[in-house]
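Beneath this line is the structure, given in structure tokens, with notes to follow.
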């Protein structure tokens, strides 16, 4: 039989992530090889100066240490545009001022409720580190921008203002503000930050204009020579990215990271090849779906892209 032979991985002391990923390209083993293919595609995408490079992910990752990886993807200049959910704002704001803690998937949730602890997977989020804190910080933030004369904001302008206001280098939103990377949140009211926005708007003439977000997406997509994306998980942020990508002829580069199943027809479980049928990924695109936990895969991809 002709073809490329499977090779064994050789892990040595002092090996860098890039060297490991290079070997995984040839090991021929399940998702290891697919992850290495994803790195190849992303490496080409980030090097393509005429490509609009996009990144979508769900908010749950921001409750974990992967927040630092997502922040560094923006800090290092790998992406031009981010699409995510309201919870990303919630957790980035909360963790800029308070701590989350290691927990367990098997905790007694009734007991956690009695103690004022919210469980996000195996992360414990004290209510004092989340709801109460976000209410206090958001009302102060909104009062300040309202006094400055702001009356209408897109979600990406809101995110820049919030990142500027947080002003801390461990914050994802701060680096989006610093790098002027738009963060578009199609479901802005679906979270604690969104609720505080609604509450503030009951007594103030401040409005969020999602149509301004759509205008930015239209401008970015139509002016881009090529488009590419790293899509983590699913939900509204994945769909919104792919919806707009079709107007540019579909993504030219696409890497999906997912743990969802395909059989139920969910968007979260849909593989890259399904998007080709919709024109959301181009027929000649370089694409791959990696079935893997983003908390494991994203650090490896970032490390390999940085070449360390």
(request) Have a look at 105, 78 and point out the one that is in a loop (DSSP other than H, G, I, E, B) and closer than 22 Å to residue 157 by Cα. (result) 78
(request) Return the total of residues in the range 250-269 being within 16 Å of the chain's Cα centre (by Cα), part of a loop (DSSP other than H, G, I, E, B) and either surrounded by fewer than 14 Cβ atoms within 10 Å (Cβ to Cβ) or modelled with pLDDT of 95 or more (or both). (result) 1
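In the range 42-63, how many are assigned to a strand (DSSP E or B) and more than 16 Å from the chain's Cα centre (by Cα)? First the steps, then the outcome.
So in the range 42-63, the residues assigned to a strand (DSSP E or B) come out as 51-56.
Restricting the remaining residues to those that are more than 16 Å from the chain's Cα centre (by Cα) gives 51.
So the count comes out to 1.
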(message) Among the residues of the range 270-288, what is the count of those that are part of a loop (DSSP other than H, G, I, E, B) and surrounded by 21 or more Cβ atoms within 10 Å (Cβ to Cβ)?
(response) 2
(request) Keeping to the range 205-221, report how many residues are surrounded by 13 or more Cβ atoms within 10 Å (Cβ to Cβ) and either more than 25 Å from the chain's Cα centre (by Cα) or not in a helix (DSSP H, G or I) (or both). (result) 3
(request) Restrict the check to the range 154-174 and report whether at least one residue is surrounded by 16 or more Cβ atoms within 10 Å (Cβ to Cβ) and farther than 28 Å from residue 125 by Cα. (result) yes
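The values are calculated or read from the model by the stated rules, or taken from the named source; none is laboratory data. Not measured: the values here are computed from a predicted model. Heads up, the Cβs are rebuilt from the backbone with ideal geometry, glycines too, and the neighbour counts pull from every protein chain shown.
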